[in-house]
Protein chains: 2
Amino acid sequence: MSLDTLTDLFVHELRDVLDAEKQIIKALPKMAKTAATEELKAAFEEHLEVTEKQVERLERIFQELGKPARAKKCLAMTGLMEEGSELMKEDADEQVMDAALIGAAQKVEHYEIAAYGTLATYAKQLGMEDAAALLEETLEEEKAADVKLSELADQINAEAQDVEDE
Amino acid sequence: MSLDTLTDLFVHELRDVLDAEKQIIKALPKMAKTAATEELKAAFEEHLEVTEKQVERLERIFQELGKPARAKKCLAMTGLMEEGSELMKEDADEQVMDAALIGAAQKVEHYEIAAYGTLATYAKQLGMEDAAALLEETLEEEKAADVKLSELADQINAEAQDVEDE
């Protein structure tokens with residue numbers, strides 16, 4: 001597709017983030033399985049449910065646009081996922097792996113914060129108020145997920161540090 | 001390397017972000033060349049200088065750790081860069097391309113915000129106050145760059161929208 005208008009770019013980026021969300025849905029169960037700390041495992045499982053709702057919101061926006069909800073391979077998320085997979089293969093102490101998983105998850109959250117921030121801005125510029133509200137809702141969820149991961153990191157990094165001191 | 005301790009993870013992530021910065025240094029001149037809006041071109045050129053100083057800070061931290069400043073391929077940044085390259089190949093209106101470039105750059109900024117946020121937390125946990133201060137300094141620069149891009153987006157998205165209305 002050619003990017004002649006801001007609407008073209010909006011659709012282009014919606015397709016990108018739809019694929020990103022689908023990749024995340026595949027990865028979260030693996031991350032939950034790898035996590036040793038119960039709260040972290042639960043956070044990943046909970047975020048899976050949130051992500052499924054976010055996909056539904058995207059589908060509603062495609063409907064509003066009268067376009068098929070067709071995903072376009074998100075190369076950036078593919079890279080983030082490859083990095084996460086490599087990390088999970090490392091020979092690691094349990095607490096250190098949990099700290100690493102949080103770092104990887106926060107990188108994913110930040111990709112989404114950037115993507116949804118941009119999408120919400122486009123929707124507002126295009127006068128699509130309903131779409132903008134849906135995108136803002138997801139944006140706030142991603143920011144909240146990032147804050148929650150930072151809180152978990154405080155506890156888990158301290159435990160990882162204790163491993164070092166033993 | 002195996003991730004037995006939080007220090008191992010800290011070094012692992014430092015190597016990752018060092019490679020990420022080097023990839024960004026290669027990409028910024030192309031982004032500046034592609035940008036049509038003068039302020040955006042200038043923002044990319046200015047960020048190149050900032051990024052070079054950020055690499056020097058990383059090298060100082062490696063020195064403090066007594067480790068060689070060896071980069072480790074950052075797969076996530078490779079993905080972000082591939083996505084950016086694909087984007088720059090699209091047949092696009094000038095203003096729409098500028099809007100797209102800002103979106104791509106903000107995704108890169110957010111990767112760095114996540115990476116430096118995590119690294120600063122590790123440094124503090126490890127009692128490396130000097131390293132933590134250097135990492136916080138870079139983190140604040142990345143956040144400021146993101147805010148600046150959002151401000152530019154307000155102007156450029158409106159111009160891209162005008163294209164649509166013509």
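Only the coordinates and a few stated rules stand behind these numbers; no lab work does. Just so you know, these numbers come straight off a predicted model, no measurement behind them. Methodologically, a virtual Cβ is constructed for each residue, glycine included, from the backbone with ideal geometry; neighbour enumeration extends over all protein chains shown.
Of note:
- Above-threshold pairs, the threshold being 24 Å between Cα atoms, out of A:LYS72/B:LYS53; A:LYS26/B:LYS26; A:LYS124/B:LYS148; A:LYS67/A:LYS148: A:LYS72/B:LYS53; A:LYS26/B:LYS26; A:LYS67/A:LYS148
- What separates the Cα centres of the stretch B:63-104 and the stretch A:1-77 is a distance of 20 Å.
- The stretch between A:ARG70 and A:GLU86, if pulled fully straight at 0.36 nm per residue, gains 2.9 nm over its current Cα-Cα span.
- In percent, rounded to a whole number, the relative contact order of chain A is 26, using alpha-carbon pairs under 8 Å and six or more apart.
- Computed over the stretch B:1-92: relative contact order in percent, which uses C-alpha pairs under 8 Å that are six or more apart: 38
- The label point for B:LYS22 and the one for A:ASP130, both projected 7 Å from the Cα toward the Cβ, are 5.0 nm apart.
- Annotation for B:MET1 and A:ASP154: the two label points, set 7 Å from Cα along the Cα-Cβ direction, are 2.8 nm apart.
- The calculated 222 nm mean residue ellipticity attributable to helices in chain A amounts to -30500 deg cm²/dmol, summing -39500 (n - 2.57) over DSSP H runs of n ≥ 4 and dividing by all residues.
- Cβ-vector label at 7 Å, A:GLU136, separations to other copies in nm: 3.3
- Proportion of all alpha-carbon pairs of chain B beyond 29 Å (%): 24
- Taking label positions 7 Å along the Cα-Cβ direction at both B:VAL50 and B:GLN63, the computed distance is 2.4 nm, reported to one decimal.
- Values of log10 I(q)/I(0), in the order q = 0.21, 0.27 Å⁻¹, for the stretch A:1-54 under a Debye, Cα-only, solvent-free model: -0.73, -0.96
- In this assembly of identical copies, the label point of B:VAL50 (Cα plus 7 Å along Cα-to-Cβ) is separated from its counterparts by 2.7 nm, sorted shortest first.
- For A:LEU3, residues with placed amide H under 5 Å, excluding near neighbours: B:ASP91, B:ALA92, B:ASP93
- Relative pair counts by distance (%), Cα atoms of the stretch B:74-166, 10 Å bins: 16, 34, 29, 14, 6, 1
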